[in-house]
1. Among the residues that make up the range 7-22, is at least one of them closer than 28 Å to VAL197 by Cβ and either out of contact with any Pro (no Cβ under 9 Å at 6 or more places or on another chain) or part of a strand (DSSP E or B) (or both)?
2. When only residues in the range 181-198 that are of a type in the set (D, E, K, R) and in contact (Cβ under 8 Å) with a residue 24 or more places away in the chain count, which is nearest to GLU34 (Cα to Cα)?
3. Could you say which residue among GLN171, GLN136, GLN115, GLN147 is of a type in the set (S, T, N, Q) and in contact with an Asp or Glu (Cβ under 9 Å, 6 or more places away or on another chain)?
4. Among the numbered criteria (1) over 19 Å from LEU53 (Cβ atoms); (2) modelled with pLDDT of 90 or more, which one does GLU100 miss?
5. Within the range 69-127, count every residue that is more than 30 Å from THR189 (Cβ to Cβ) and either assigned to a strand (DSSP E or B) or among the charged types (D, E, K, R) (or both).
6. Assuming GLU91 fulfils every condition listed in (1) more than 22 Å from MET210 (Cα to Cα); (2) crowded, with 22+ Cβ neighbours inside 10 Å; (3) not polar (S, T, N, Q) apart from one, which condition is it?
7. Taking the condition of being assigned to a loop (DSSP other than H, G, I, E, B) and among the β-branched types (Val, Ile, Thr), how many residues in the range 168-216 meet it?
8. Pairs needed: first member in the range 141-161, loosely packed, with under 15 Cβ neighbours inside 10 Å; second member anywhere, hydroxyl-bearing (Ser, Thr, Tyr); C-beta distance under 8 Å; at least 6 residues apart or different chains.
Amino acid sequence: MVLNEAEGVQYELFDINDLHELATMTADIFARDEPVTSSLGISSADFTDFVRLLGPKLKQEELTVIARNQESKQIIGAMVSDDFAIEPPEEMRQLGDNYEPLWAILDELDTLYKQGRVLPKGEYLHFFLLAVDPRQSGKNVAKNLVQTCLENGIRKGYKTGVVEATGVVSQHIFRKFGFIDRFEAPYKTFTFQGKPVFSSIKDHHGIILMDKALVV
């Protein structure tokens with residue numbers, strides 16, 4: 001389903017038939033450019049499995065938006081989003097030791113956020129993985145993906161947007177949409193099993209959990 005069009009790019013609701021292309025594109029970008037994934041040495045092939053396991057959840061919830069080049073028909077970006085109150089498939093936590101620090105830092109932030117809150121299904125829209133092919137710069141793809149995803153979530157009745165933004169670019173994008181910093185896990189001081197597993201990350205300060213009220 002086409003939700004939006006701008007600057008030669010079509011923004012569509014995720015379809016399960018696009019899972020392989022979505023997973024491959026997202027994994028290539030995350031393995032190369034995303035600070036946490038690249039610092040842990042998670043390969044593109046491994047991260048493809050990570051995204052593929054999300055497929056059935058994404059299909060059922062209908063919250064993920066992909067960007068497709070109208071000329072080439074290739075997927076050039078995605079805002080992988082899901083329901084924050086519904087746990088991802090358990091198999092995702094069994095992909096190997098490389099992923100354990102990633103889950104640990106996300107769990108720390110999510111636990112802080114969830115304290116004192118009731119999270120009903122259908123109310124918290126989780127912006128999970130934002131990926132854009134760097135060759136597509138200048139087309140506002142990331143901005144339009146977030147905007148389209150927000151509009152889709154609001155139509156479905158979601159009341160709050162939540163994101164664990166891992167780098168300065170995504171943090172900047174979400175702040176422009178009115179997301180507010182709530183909790184931060186600095187890379188320099190975060191430890192997993194006594195080791196500073198993210199100390200090699202230099203250009204980003206930490207993961208920031210941010211949220212935004214979607215309805216006034």
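1. If we filter the range 7-22 for residues that are closer than 28 Å to VAL197 by Cβ, which is where we start, we get 22.
After this cut, where a residue has to be either out of contact with any Pro (no Cβ under 9 Å at 6 or more places or on another chain) or part of a strand (DSSP E or B) (or both) as well, the list is 22.
Taking every residue of the range 7-22 in turn, at least one turns out to be closer than 28 Å to VAL197 by Cβ and either out of contact with any Pro (no Cβ under 9 Å at 6 or more places or on another chain) or part of a strand (DSSP E or B) (or both).
2. First, the residues of the range 181-198 that are of a type in the set (D, E, K, R): 181-182, 184, 188, 195.
Applying the additional criterion that residues be in contact (Cβ under 8 Å) with a residue 24 or more places away in the chain yields 181-182, 184.
Details: ASP181: 19, ARG182: 21, GLU184: 17 Å.
It comes out as GLU184.
3. On the way: GLN136 fails: in contact with an Asp or Glu (Cβ under 9 Å, 6 or more places away or on another chain); GLN115 fails: in contact with an Asp or Glu (Cβ under 9 Å, 6 or more places away or on another chain); GLN147 fails: in contact with an Asp or Glu (Cβ under 9 Å, 6 or more places away or on another chain).
Checking each option against the conditions leaves just GLN171.
4. Every condition holds for GLU100 apart from (1).
5. Restricting attention to the range 69-127, the residues satisfying the condition of being more than 30 Å from THR189 (Cβ to Cβ) are 69-78, 83, 86, 89, 91, 118, 120-123.
With either assigned to a strand (DSSP E or B) or among the charged types (D, E, K, R) (or both) added as a condition, the list becomes 69, 71, 73, 75-78, 83, 91, 121, 123.
Qualifying residue count, the range 69-127: 11.
6. Result: GLU91 passes all but (2).
7. At the first step, the residues of the range 168-216 found to be assigned to a loop (DSSP other than H, G, I, E, B) are 177-179, 187-191, 193-194, 196-205, 214-216.
Pick out the ones that are also among the β-branched types (Val, Ile, Thr) and you get 189, 191, 197, 201, 215-216.
Qualifying residue count for the region: 6.
8. LYS159/TYR124
The values are calculated or read from the model by the stated rules, or taken from the named source; none is laboratory data. Treat the numbers as computed from the prediction; the structure is a model and nothing was measured. Glycine gets a Cβ as well: all are built from the backbone with ideal geometry, and neighbour counts include every protein chain shown.
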